[in-house]
Amino acid sequence: MAEIVSCLAMSHAPQLMLDPDHWGLLNTRSWDPLPERPELAKETLEVKWQKWRRCMAAIEQLRGILASKAPDTVIVVGDDQHENLVDDNMPPFTIFIGKEVEASTSLRYLKQPPTENRVKYKVDDALGIALIDKLMESGFDPSYSKKTRYEGGLGHAFARVLKFLNPDVRYAILPIMVNTYYPPAPSPKRCIDFGRALAAAIRAFPEPRRVAIVGSGGLSHTRIDEKLDEGFIQALKTNDQKFLASMPAPVLIEGTSEIRNWIVTAAAADRPGAILDYQPLYRTMNGVGCAMGFAEWR
C-alpha cells in the first residue's frame, strides 16, 4: 500500500531565482498608484540579502527533509498561468499522467527562451491514473493530460520547485495543477475537500509507494499583505481547516491565489504545520514583492 511520508510547501516566485542584486530586472508594477510606505525604507540591500539567504537556508532544509524521507514519488501541487491550461479549457484540477515530462527554469526577465534550461523527469503515471479513478469515486472529476503544450514543458510552479528540491532528478514526480489564478477558481473549501480526497486516494493505491506532497507558490504577492499571511500561517500551525476553508476568494487573487496550493497540501496532511521560515521580500517602497513561506507538516 502507498503511504504519505512527507508534506511540504514552499514559495516559487522569481525573487528566489535571482539574488537581490538583480531584483531590479523583475517587474516592479511601477504603474500601480500605491503610495510609498515610509517604514519600508528599512528594506536596504543588506536586509534584502539577509532575508534572501534565509530563504535559501529554508530551501536547503526542505531538500534535506525530503531526502531523509526517501520518497519514491513527489506530488507537486501547483498552479498553471496560461502555460499549459489556457482559455479554451481551464479545469479546476488537472493531473499530468504522461510517462515523462520536461520543465524549464528559464527566466524571461533574463531573456532566456523556455526551450532552454529544460530538465526531464519521470512521471509516476500509474499512481496518477489510480488517483484519477479514486478521486472520481470521491465526487471529483479531475482533468488529465498526457502532453504539454507550453514550449517549456511544465509551468514555472513546477519547474522551480523541482529545481530546488529534486535537483538530481532522483524522485519520480506527479504534477497536479490547480487553477488558482483565473476566476472562477475552486473555493478554499473545495481545495480542502480535494486535499482530503487526494490523501485518501494515495493511501488506497495498492502498490508499495512512498509519496511526498509539495505545495508550490504563495504567499501574498504581488502586493505583500503580512496581516493576511500571519492569519494564514497561524491556521496552518493549528490545523484550523475551518479558517482555511472560509478564506474569502476576493483576497486570493493574482499571486496570492497560490495559497490554494498550500491549502490542498495542508488538508492532505491534516495535522499542524511547522513554518520553517517566513520572509516578506519587498522590492519597492510601495510594497511590491513576494512574501516567501516554507513549511513542513511533521
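Values quoted throughout were computed directly from the atomic coordinates according to the rules given, and no laboratory measurement underlies them. As the structure is a prediction and not an experimental result, all values here were calculated from the model. So basically every Cβ, Gly included, is an ideal-geometry build from the backbone, and we count neighbours across all protein chains shown.
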| note | Sequence order, region 87-92: Karplus ³J(HN,Hα) from phi using 6.51 cos²θ - 1.76 cosθ + 1.60, θ = phi - 60°, Hz rounded, Gly and Pro as x, gives 5, 7, 6, 10, x, x
| note | Charge dipole of region 127-279 built from unit charges on the beta carbon (Lys, Arg +1; Asp, Glu -1), centred at mean Cα; most positive-end Cα among Thr148, Ser216, Thr238 is Thr148
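Order the peptides 119-126, 252-259, 1-8, 270-277 from the highest to the lowest mean number of other Cβ atoms within 10 Å of their residues.
252-259, 1-8, 119-126, 270-277
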| request: DSSP loop (so not H, G, I, E, B), at most 14 other Cβ within 10 Å: list which GluC sites (Glu not before Pro) in region 107-201 pass both filters. | output: Glu116, Glu151
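By how many nm would the segment from Arg149 to Arg271 lengthen if fully extended, with 0.36 nm per residue of separation less the alpha-carbon distance? Don't skip to the end; give the middle numbers.
Numbers: separation 122, 0.36 × 122 = 43.92 nm, distance 3.65 nm.
Extra length available between Arg149 and Arg271 comes to 40.3 nm.
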| remark: Measuring from its Cα centre, the chain shows a charge dipole (+1 at each Lys and Arg Cβ, -1 at each Asp and Glu Cβ) which, in debye to the nearest 20, is 440
| note | Once the in-chain neighbours fewer than 8 apart are removed, the lysines whose Cα is under 17 Å from Lys189 read Lys242
| request: Could you tell me which chymotrypsin sites (Phe, Trp or Tyr not before Pro) in region 1-74 are loop residues by DSSP with no more than 15 other beta carbons within 10 angstrom of their beta carbon? | output: Trp31
| query | Any idea how far apart Asp88 and Glu46 come out in nm if each label point goes 7 Å out from Cα toward Cβ? | reply | 5.5
| Cα lying deepest toward the dipole's positive end in the chain, options His82, Thr180, Trp262, charges on Cβ | Trp262
| message | For Gly152, what residues show an amide H to amide H distance below 5 Å, using hydrogens built from the backbone and excluding near sequence neighbours? | response | none
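What full-extension length gain, to one decimal in nm, is calculated for Ser246 and Glu226 as 0.36 nm per residue of separation minus the Cα-Cα distance? Numbers along the way, then the final one.
Values: separation 20, 0.36 × 20 = 7.20 nm, distance 1.84 nm.
So the extension gain works out to 5.4 nm.
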| field | Pairwise label distance in nanometres, Ala200 with Ala70, each label 7 Å out on the Cα-Cβ vector | value | 3.2
| Built amide H within the under 5 Å cut-off of Ile224, gap 5+ | Gly289
| query | Lys51: which lysines have alpha carbons under 24 Å from its alpha carbon, excluding same-chain residues fewer than 8 sequence positions away? | reply | Lys42, Lys163, Lys227, Lys237
| message | I'm spelling it out carefully: the read-out is Cα Rg over 2.2 N^0.38 Å, the candidates are [x] 1.04; [y] 0.94; [z] 1.40, and one was derived from this structure. Which label? | response | [y]
| request: Could you check what % of the DSSP bridge pairs in the chain are antiparallel, to the nearest 5? | output: 45
| task | Give, rounded to the nearest 20 debye, the magnitude of the charge dipole that region 94-231 has about its Cα centre when Lys and Arg contribute +1 at Cβ and Asp and Glu contribute -1 at Cβ. | result | 260
| message | Show me, for region 96-109, the HN-Hα J-couplings you get by feeding each phi into the Karplus relation (A = 6.51, B = -1.76, C = 1.60, θ = phi - 60°), rounded to Hz, glycine and proline as x. | response | 8, 10, x, 6, 8, 7, 9, 8, 10, 9, 4, 10, 5, 4
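Stretched out fully, how many nm does the piece from Arg108 to Arg63 gain, at 0.36 nm a residue minus the Cα gap?
Working: separation 45, 0.36 × 45 = 16.20 nm, distance 2.59 nm.
Value of the extension gain: 13.6 nm.
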